[in-house]
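Below is one structure; the comments refer to it alone.
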Amino acid sequence: MELTLHVWRQKNGQDSGKMVTYKARDVAPESSFLEMLDQVNEDLIKQNDEPIAFDHDCREGICGSCSMMINGKAHGGRKGTTTCQLHMRSFKDGEQIYIEPWRAKAFPVVKDLVVDRGAFDRIISSGGFVSVNTGGVPDANAILISKQSADTAMDAAECIGCGACVAACKNASSMLFVAAKVSQFANLPQGQPERMQRVSNMVEQMDKEGFGNCTNYFECEAACPKQISVGFIANMNRDYLKASLLHQEPVGKA
Amino acid sequence: MKLDAKIPAGPLAEKWEKHLFESKLVSPANRRKFGVIVVGSGLGGGSAAATLGEMGYKVSCFCFQDSPRRAHSIAAQGGINGAKNYKNDGDSIRRLFYDTIKGGDFRAREANVYRLAQTSKSIIDQCVAQGVPFAREYGGLLDNRSFGGAQVSRTFYARGQTGQQLLLGAYSALERQIGLGHVTMHPRTEMLDLIVIDGKARGIVVRDLVSGQTTTHFAEAVILATGGYGNVFYLSTNAKGCNVTATHRAYKRGAGFANPCYTQIHPTCIPVHGEHQSKLTLMSESLRNDGRVWVPKKKGDDRSPDQIPDEERDYFLERKYPSFGNLAPRDIASRAAKEACDAGLGVGPGGLGVYLDFRDAIQREGEDVVRERYGNLFEMYERITAENPYKVPMRIYPAVHYTMGGLWVDYNLMSNISGLFVLGEANFSDHGANRLGASALMQGLADGYFVIPSTLADYFANNKFAKVDASHPEAVKVEQEVNDLTKKLLAINGTRTVDSIHKELGKLMWDNCGMTRSRQSLTEALKKIPEIRNQFWTNVKVTGTGESLNQQLEKAGRVADFIEHAELMCLDALEREESCGGHFRVEYEEEGEAKRDDVNFAHVAVWEYKGFTKKPLRHKEELVFENVKLSTRSYK
Amino acid sequence: MSWIVRLQKSSLGSKYIMAITGAGLFVFLIGHIAGNLLLYFGQEAMNAYALSLHHLPYGLLWVARGGLLVFALAHVFIAYRLSFHNRAARPQRYQYEATLQASFASRTMPYTGTLVLLFILFHLAQFTFHLVAYNGPYTDSLGRDDVYTMVVNAFQNPVYSVLYIISMLVIGFHLSHGLSSMWQSLGLNHQKYNLLFRKLSPLAGWVLCLAAASIPLAVLVGVIK
């Protein structure tokens, strides 16, 4: 296969960047999208050009490193598929492909297709955990959890933190990401003691990071490589409403 | 090189408890005076950094990925073992200990493995408390499954994403400590060297991968949890970024490297599709519960598999190992597949594949039952190969998966360099010559959550630390060396890309130091690796500069280390004149099975660095077995 | 009270306000359009209804008007604040834009919302403040305001009736997303009720707006005269 690529090139965070056109030659249909880019990069190096920088690591769809908009769709838009698991047989010979980085104020471009997703870490840091120290915890089976709750929590916990939801959202909102973590713990007994504080803190941090707001496009759900449901956003909305209206500090003394 | 394993005296079952009591402590108020550097943020590093942060130490954690959550522990699928005996099927600490020792082909330390089995129970409790959504039964209790041919159900799992969920548990604990200011996180930062001052590991040199800046960091102890070196083979199930740099450079600063030849080849991976392949994808071992492995009996039989009648198929695992059949352990199943392909019976492009056929399972139990069990794996297979495994048999081939070798550590997980601790896959300690399924996650978390907090305190309490900073002559020297290396890599400006050299090295290692090794193949590799090394240092091309994000430069540094490490692996493989676990020497076999030599090789081989291109020195730590009887693994 | 200020500023708080004010405006719309459908029952019914509305006890009319104004202003204010905020969240747009499943209605809410706002202003100017093409005053034989004749007269001009029909379609379109979106914003997403949230609610919006659109159409074709 031969393809024409239009790739976003940007030297660093300060550079303004532009689209540059490359040819990808001799692409095997069974290659993954990243392997195709590897090939283009090998050619670029041979021509003394700087290869295209992109984030990637496990290449099996679980680490969440890979992040690129392919023809305007996060990870290429195939259902439940990350870029690393997207294969060239999904493209036609001679096709034009536009490759751009995730675009969001909260995800500044580092170089070419690499963006800084540190905002996600800071959101988790603000409350995406159960406050237990190592040791001194009860026996694992001392906490009974219904299969339905455990499965729902797992549905939410599958998030790989890739940022496709933000990239795909017309508002660059990160609500699916935040909601998935909030809902994982909201569905488990371990998450109950901090439930109200957690959702408040995480939403506050999310807002600080400069993500957009949710207008219920549900584009995130379609772009999510782990197919995380927007039902979890409703879950978060419910919890935050409750936390905002009803949660109070300890009653204290009269 | 002094190798004192410091195994506590006393009965096996009491060693750890006794050791805990005898270890010195650091009082909570004093802990903030001690700095700890943790390199790596996977299950070992992440859990250690979080726990040490909770205890009050001043922790700095480094990872080369953009977030600690992306460490490759995330990719483990199957599960984590825990000797809980929740299923009442006769499991116990002792049984998990025995299975692990035997599975490791009697090449691991008894005391370490026993401690691992003991702590396995606390790990499950800890993870549940963190909110890890393990699979549950309808009654609300935890579910277990049997895994990797174990005769008890002791594996806890979270769908096919157990590694992910455990890592996210450790990551969330770590992020909590970062938020509280107890841990300083340095993502996109790669450790490039170790600073040893007055015989103690006191710091590291790192490169900020975004700005290109190298900096030095100091602490009272350095913990390496940097994973394995499977990417020596270029193609493996490891993540692309996995590398040997941290451990190899520590080795070059004097840390002993133990058993580098022990590599695990996983039998059920998706075969290589072509020369541009960058990575191999693992399919869960559980597929072998229902899939039957076969190749055509006739060479060059290019009929489509459904046209080949049963009598013309060779179900070679069932034939060779009638009692275990398709469930034979990883190393054995892998070698059998390789033998079939070497005999020219392989299927698919290049003849490097065997069928894993679900036809009979589908006929027997119906497609729906098979879909229920393996639906997500079948989907993944189809996504990658565009073949529908419900209709045509899967094609699988073995791939490098895990490395049991690593930096030598004593019972306290400290290397022979004082203050340099090594956790998880990066050390050598618990899996001997072969690792059992669902044990890697267990080891990483045991080391990080439960072992290092006590052993580190003991080290701090027993040592005095002079104040050091970036102006220390040793620090200046090491940082200069790192910068010189970067300059050197950028200056070569040859004609070969880093990847092309890495691929060449990988192929050589796979052919000569892979599933089977021989004196001849290893000698040949040892002759060719210096040629590759020479090719690299004279003809590699690294584009760009050192002052910005430069992924080629990162790769080049890692490949330089892989080349040196490959040599060490071959050397170790050559000098270990026996077959055991993941190390199979064709000269040492009995009716096709590995033949161990317990008289001459029941020891850990520990290599001491003697200089670039100089032959390293081989030391031994004898393994003493007081609680198990050495026996031959038989799966016939 | 600082928590209220914080809440309305937060992303989720904004969503709640959009949902609640949107729901309120929709309830008003139901009443307003239901009342106007009395045009089908003739002059007497319509004018009597208008008179009773103007003579609600306890100043309820002004309470309702005041409430309506607050809701409308809040809805509009937060909507624009959100739109600007969302635009700022992606300073650099994609060169190649594509959509996987977001509906056209959902993507055009700020635009349809603006059109609806313009229509409401026009609507008020025409029928409340009598600033547009007003040939009144209209009084019926009983001395009441002749709302019936005013409306029929206005809609007999095809320019206005077509404008109203189009506007009703735009409102329907705006509601088709808004009415399903509000449940989600308030955290109502449930397997058992998603049919109501996602399908029946937008349908209700369309029914209402089509009913409203039928009035100018009916005048235009002479069913109402």
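None of B:V59, B:V39, B:V26 is among the β-branched types (V, I, T) and over 30 Å from B:R207 (Cβ atoms) except B:V26.
Here is a check on your reading of the model: is C:Q184 within 14 Å of chain A (Cβ to nearest Cβ), under 28 Å from C:R107 (Cβ atoms) and surrounded by 21 or more Cβ atoms within 10 Å (Cβ to Cβ)?
Numbers: within 14 Å of chain A (Cβ to nearest Cβ): yes; under 28 Å from C:R107 (Cβ atoms): yes; surrounded by 21 or more Cβ atoms within 10 Å (Cβ to Cβ): yes.
The answer is yes for C:Q184.
In the set (1) aliphatic (A, V, I, L, M); (2) closer than 24 Å to B:E387 by Cβ; (3) more than 11 Å from chain B (Cβ to nearest Cβ), A:M36 fails one condition alone, (3). Quick check: is even one residue across the range A:220-232 away from chain C (no Cβ under 12 Å), under 19 Å from A:G127 (Cα atoms) and not in a helix (DSSP H, G or I)? For the range A:220-232, residues away from chain C (no Cβ under 12 Å), under 19 Å from A:G127 (Cα atoms) and not in a helix (DSSP H, G or I): absent. Considering the range C:80-131, and only residues there that are aliphatic (A, V, I, L, M) and at the interface with chain A (Cβ under 7 Å from one of its Cβ atoms), the residue that is surrounded by the fewest Cβ atoms within 10 Å (Cβ to Cβ) turns out to be C:A88. Please work out if B:F134 is crowded, with 24+ Cβ neighbours inside 10 Å, more than 8 Å from chain A (Cβ to nearest Cβ) and among the aromatic types (F, W, Y). No, not satisfied.
Pairs meeting the criteria (first residue in the range B:363-388 and over 23 Å from A:T82 (Cα atoms), second residue β-branched (V, I, T), beta carbons under 9 Å, at least 6 apart or on different chains) are B:V369/B:I362; B:V370/B:I362.
A quick yes/no check of all residues on (1) at pLDDT below 90; (2) touching a Phe, Trp or Tyr at 6+ places or on another chain (Cβ under 8 Å); (3) not in a helix (DSSP H, G or I):
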position	(1), (2), (3)
B:I332	yes, yes, no
B:A340	no, yes, no
B:V369	yes, no, no
B:R373	yes, no, no
B:R395	no, yes, yes
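Scanning the range A:26-53 for residues that are more than 23 Å from B:V272 (Cα to Cα) and not charged (D, E, K, R) yields A:L44, A:I45, A:Q47, A:N48, A:P51, A:I52, A:A53.
So which residues in the range B:489-503 are loosely packed, with under 14 Cβ neighbours inside 10 Å and in contact (Cβ under 8 Å) with a residue 40 or more places away in the chain, if there are any at all?
If we filter the range B:489-503 for residues that are loosely packed, with under 14 Cβ neighbours inside 10 Å, which is where we start, we get B:491, B:493, B:495.
Once the filter is applied, which keeps residues that are loosely packed, with under 14 Cβ neighbours inside 10 Å and in contact (Cβ under 8 Å) with a residue 40 or more places away in the chain, the range B:489-503 yields B:N493, B:T495.
Would you mind stating whether B:V468 is surrounded by 19 or more Cβ atoms within 10 Å (Cβ to Cβ), at pLDDT 95 or above, more than 30 Å from the chain's Cα centre (by Cα) and of a type outside the set (F, W, Y)? So that I can check it myself, show each step before the final result.
Values: surrounded by 19 or more Cβ atoms within 10 Å (Cβ to Cβ): yes; at pLDDT 95 or above: yes; more than 30 Å from the chain's Cα centre (by Cα): yes; of a type outside the set (F, W, Y): yes.
So B:V468 passes the test.
Consider the range B:220-244. How many of its residues are farther than 25 Å from B:I270 by Cα and surrounded by fewer than 24 Cβ atoms within 10 Å (Cβ to Cβ)? If you could, list the steps in order and put the result at the bottom.
Taking the range B:220-244 and keeping what is farther than 25 Å from B:I270 by Cα, we get B:220-226.
Remaining after also requiring surrounded by fewer than 24 Cβ atoms within 10 Å (Cβ to Cβ): B:220.
Residues meeting the conditions: 1.
Being on the phi > 0 side of the Ramachandran plot, in contact with a Lys or Arg (Cβ under 8 Å, 6 or more places away or on another chain) and surrounded by fewer than 21 Cβ atoms within 10 Å (Cβ to Cβ) is the filter here, so list the residues in the range B:577-604 that pass it.
Listed by number, the list holds a single entry, B:G592.
Filtering the range C:1-31 to residues that are more than 17 Å from C:H177 (Cα to Cα), crowded, with 21+ Cβ neighbours inside 10 Å and either among the hydrophobic types (A, V, I, L, M, F, W, C) or in contact with a Gly (Cβ under 7 Å, 6 or more places away or on another chain) (or both) leaves only C:L12. Within the range B:490-507, the set of residues being on the phi < 0 side of the Ramachandran plot and in contact with a strand residue (DSSP E or B) (Cβ under 7 Å, 6 or more places away or on another chain) comprises B:I492, B:G494, B:T495, B:R496, B:T497, B:V498, B:I501.
Residue-level check: of (1) more than 7 Å from every other protein chain (Cβ to nearest Cβ); (2) touching a residue at least 24 places away in the same chain (Cβ under 8 Å); (3) not hydrophobic (A, V, I, L, M, F, W, C), A:H56 misses just (1). Just one of the numbered conditions (1) in contact with an Asp or Glu (Cβ under 6 Å, 6 or more places away or on another chain); (2) farther than 16 Å from B:H603 by Cα; (3) of a type outside the set (G, A, S) is not true of B:R115: (1). Tell me which residues, restricted to the range B:281-314, are at pLDDT 95 or above and surrounded by 22 or more Cβ atoms within 10 Å (Cβ to Cβ). Across the range B:281-314, the qualifying residues are B:V293, B:W294, B:V295.
In the range B:375-393, the residue that is nearest to the other protein chains (Cβ to nearest Cβ) out of those that are in a helix (DSSP H, G or I) and charged (D, E, K, R) is B:R383. In contact with a His (Cβ under 7 Å, 6 or more places away or on another chain), modelled with pLDDT under 95 and part of a helix (DSSP H, G or I), is that true of C:L61? The answer is yes for C:L61.
To keep it simple, each residue is scored yes or no on (1) away from chain C (no Cβ under 14 Å); (2) assigned to a helix (DSSP H, G or I); (3) in contact (Cβ under 8 Å) with a residue 24 or more places away in the chain; (4) within 24 Å of C:H85 (Cα to Cα).
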site: A:A167; (1), (2), (3), (4): no, yes, yes, yes
site: A:L176; (1), (2), (3), (4): no, yes, yes, yes
site: A:Q190; (1), (2), (3), (4): yes, yes, yes, no
site: A:V203; (1), (2), (3), (4): no, yes, yes, yes
site: A:T215; (1), (2), (3), (4): no, no, yes, yes
site: A:E249; (1), (2), (3), (4): no, no, no, no
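Take the residues in the range B:521-540 that are more than 27 Å from the chain's Cα centre (by Cα) and more than 28 Å from B:G274 (Cβ to Cβ), then tell me which one is farthest from the other protein chains (Cβ to nearest Cβ).
Step one: of the range B:521-540, the residues more than 27 Å from the chain's Cα centre (by Cα) are B:531, B:534-535, B:537-540.
Checking the rest, the ones that are also more than 28 Å from B:G274 (Cβ to Cβ) come to B:534, B:537-538.
Working: B:N534: 20, B:W537: 17, B:T538: 17 Å.
Here the residue is B:N534.
Residue-wise test of (1) within 14 Å of chain A (Cβ to nearest Cβ); (2) buried (at least 22 other Cβ atoms within 10 Å of the Cβ).
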{"site": "B:L505", "(1), (2)": "no, yes"}
{"site": "B:L508", "(1), (2)": "no, yes"}
{"site": "B:R519", "(1), (2)": "no, no"}
{"site": "B:V542", "(1), (2)": "yes, yes"}
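Table: residues versus (1) within 11 Å of chain C (Cβ to nearest Cβ); (2) assigned to a helix (DSSP H, G or I); (3) surrounded by 24 or more Cβ atoms within 10 Å (Cβ to Cβ); (4) not aromatic (F, W, Y).
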position: A:G64; (1), (2), (3), (4): no, no, yes, yes
position: A:G76; (1), (2), (3), (4): yes, yes, no, yes
position: A:G80; (1), (2), (3), (4): no, no, no, yes
position: A:G94; (1), (2), (3), (4): no, no, no, yes
position: A:Y98; (1), (2), (3), (4): yes, no, no, no
position: A:A104; (1), (2), (3), (4): yes, no, yes, yes
position: A:F107; (1), (2), (3), (4): yes, no, yes, no
position: A:I123; (1), (2), (3), (4): no, yes, yes, yes
position: A:S126; (1), (2), (3), (4): no, yes, no, yes
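The residue that is farthest from C:S83 (Cα to Cα), counting only those in the range A:217-240 that are in contact (Cβ under 8 Å) with a residue 40 or more places away in the chain and charged (D, E, K, R), is A:K226.
The values are calculated or read from the model by the stated rules, or taken from the named source; none is laboratory data. Remember, predicted model here, so these are calculated numbers, not experimental data. Ideal geometry is used to build each Cβ from the backbone, glycine not excepted, and the neighbour counts take in all protein chains shown.
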